[in-house]
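Notes follow once the structure below has been shown.
The values are calculated or read from the model by the stated rules, or taken from the named source; none is laboratory data. The structure displayed is predicted, hence computed values, not measured ones. All Cβ positions, even for glycine, are placed from backbone atoms using ideal geometry, and neighbour counts span all protein chains on display. Quick note on the areas: whole protein, heavy atoms, side chains included, nothing else; ligands and nucleic acids left out. Shrake-Rupley method; radii C 1.70, N 1.55, O 1.52, S 1.80 Å.
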Amino acid sequence: MCGIVGGIAQRNVVPILMEGLRRLEYRGYDSAGIAVINDHSIYRQREVGKVSSLQARLSEEPISGTIGIAHTRWATHGKPSQANAHPHICRNTVVVVHNGIIENHEALKAEQQIKGYEFTSQTDTEVIVHEIFDALIEAKGLLAAVKYAMGKLEGAYALGIMSTASPDELIACRRGSPLVIGIGIGEYFIASDVAALLPVTQRFIFLEDGDIAAIRVNKLTIYNQHDQVVDRPIKESRLNADAIEKGEYRHYMLKEIYEQPFAISESLEGRFVNNRLQENTFGHNAIEVFNTIKSVQILACGTSYHAGLVARYWFEEFAGVPCQVEVASEFRYRHPVLQANTLIVTISQSGETADTLAALQEAKRLGAKHSLTVCNVPESSLVRESDLVLMTRAGPEIGVASTKAFTTQLVALMLLVMAIGRRFKLSPMIEQKITQELFGLPRIIEQVLQLDQDIKKLAEQFADKQHALFLGRGAHYPIALEGALKLKEISYIHAEAYPAGELKHGPLALIDADMPVVTVAPNNRLLEKLKSNMQEVSARGGQLIVFMDETLSTTESPDVQIIQMPAIENELSAVVYTIPLQLLAYHAAVLKGTDVDQPRNLAKSVTVE
């Protein structure tokens, strides 16, 4: 989603803001812009396309200033264009960058047009800058004007605001969309993500919902939603600027695929004592909460939803715990009935997914007493809103198509299955078996990564394909869903996934020689059923690509290609079998020449509905 960077310093902030924009490119965007105040005047440059286009413009027409704001826009209201790009300016006095959606922008626009304000864009953001200017006419200073204007806005937003009326003051506002303040030496910065500011600081303040920050070079004052001055804690980031560089890899996505053995090791580190999972890893009162749980409700979106679907199989098969999984955007708008003593589990890489956050709030409104989030970003909204937390520790994930975040979510969810399952049917023997398999995962995934060149050659078959079908059974059906999602996200090949047993109920009509059928075939109790489904595809001329346990014996034929997978027990095979599907999608996308890390129309963090 859109990215914000801003700064106020005793040096030219333009290079810092441009580097910040570059580091936010992974969020997804269609245009970029920057504005500074210099000698009581606003100077602005905006360009459609990549940050590099904006940088080229600045090389031709440079600007400089000690206070500035910059933005990468992901279109919501109004198509990608220079006029719709941020920052937006009102009467050469107030300038704003904005993430989020102003839900009452049409009503505000009508009021402002009556007052004579002219609109130069199709965005909802422009009403903000006019509203602040209008308040500035009567208010005593920029801060007072911003506070008044914020009271008229409905929706979600993160804002960076400057004005020639107060040229040494930067205002930051947060409601619903994430915003952090980076603390330097005699300087401050704001950003949507700490990643943008790592070259200049590792000290951050995470604004809370409703906060408004007034920032000067030598002073920072934060007001909460009740207009009270508050102190927010300063957090030291353990990340460094190199953590979000590609290094030797061609794309972030490939780097992050190869980081999965280490990421999973990090997810497990320090959470076991004498090979036994410690429940306080979920929070100091986790034991008390888990003792009351009778069922689990998982809420998530996209890839995180697929992780939840896998976890449902695990909760019910290994732990004997009733588990429901729902897309968060659906849960929040229907009328769900929650059982008593249900643990609400939210899953999100960023912890800022708007629909998941709103679904959690709806569950609380309905009376849910306990919540837990599986998340990758400390200090995110879901972390703060949840009673219990399990951080995945995947590290920064820059590629829009999630890889290591997904597999670490699966590992985290298995830990939760173990912790709750102890109170139901999970035996000590099975728990110990799963523990051993968890610690063996990094080694097995490294073996799978050695199949990279075989999978790269396999991907050549997708270069001219428009459609693909993915099949799986049991906990591997969600893995098939995830594989199909990866392929369509980054290669733009239309892909669908089905439980293999559903072939006869419609998908068989699609089978022909031009439709690759990718099948996940671990050695489990559903294997014979799956083989029968595969034969149905072959009998109709379909082209089968099978990722199969190496202990199984199957002969290749012109219409059946087999990639042998390392042997693994059933409990965690779903984690392992997602790796080759990630590689397949990656190599298919590279062959098709798409933008692997920043696929069209998509954003990394979906912070609006």
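Points to keep in mind about this one:
- Protein accessible area in the range 16-151, 1.4 Å probe - carbon and sulfur %: 47 percent
- Using the 1.4 Å probe convention, the accessible area of the chain works out to 39 Å² per residue with neighbouring protein chains retained.
- Around Asp209: net Lys/Arg minus Asp/Glu count, Cβ-Cβ under 15 Å: -2
- Two-site label geometry, Ile430 and Glu118: point separation in nm, points 7 Å out along Cα→Cβ: 7.1 nm
- The range 71-149 - Kirkwood radius from inverse mean 1/r over Cα pairs (Å): 12.8 Å
- Given Lys79/Lys115; Lys255/Lys465; Lys246/Lys486; Lys294/Lys364, the pairs whose alpha carbons are separated by over 23 Å: Lys79/Lys115; Lys255/Lys465
- log₁₀ of I(q)/I(0) at q = 0.16, 0.26, 0.28 Å⁻¹ - the range 261-309, Debye sum with one point per alpha carbon: -0.72, -1.02, -1.00
- Label point distance in nm, Ala107-Gln10, each placed 7 Å from Cα along Cα→Cβ: 4.7 nm
- The calculated pair-distance distribution of the chain uses every alpha carbon pair, bins of 10 angstrom beginning at 0, and gives 3, 17, 25, 24, 17, 10, 3, 0, 0 percent.
- FRET efficiency for Glu460 and Tyr249, using Cβ-Cβ distance with R0 set to 25 Å, rounded to 0.05: 0.75
- Charge sum, other residues only, whose C-beta stays under 11 Å from Glu571's C-beta, Lys/Arg counted +1 and Asp/Glu -1: -3
- Sites Ala56 and Asn291, calculated FRET efficiency, Cβ-Cβ separation with R0 45 Å, nearest 0.05: 0.15
- Cα-projected label distance for Ile185 with His467, points at 7 Å along beta-carbon direction, nm: 6.3 nm
- A simple count of charges around Ala340, restricted to other residues whose Cβ falls under 13 Å of its Cβ and scoring Lys, Arg +1 and Asp, Glu -1, yields +2.
- Extension gain (nm, one decimal) between Arg443 and His494, 0.36 nm per residue minus Cα-Cα: 15.1 nm
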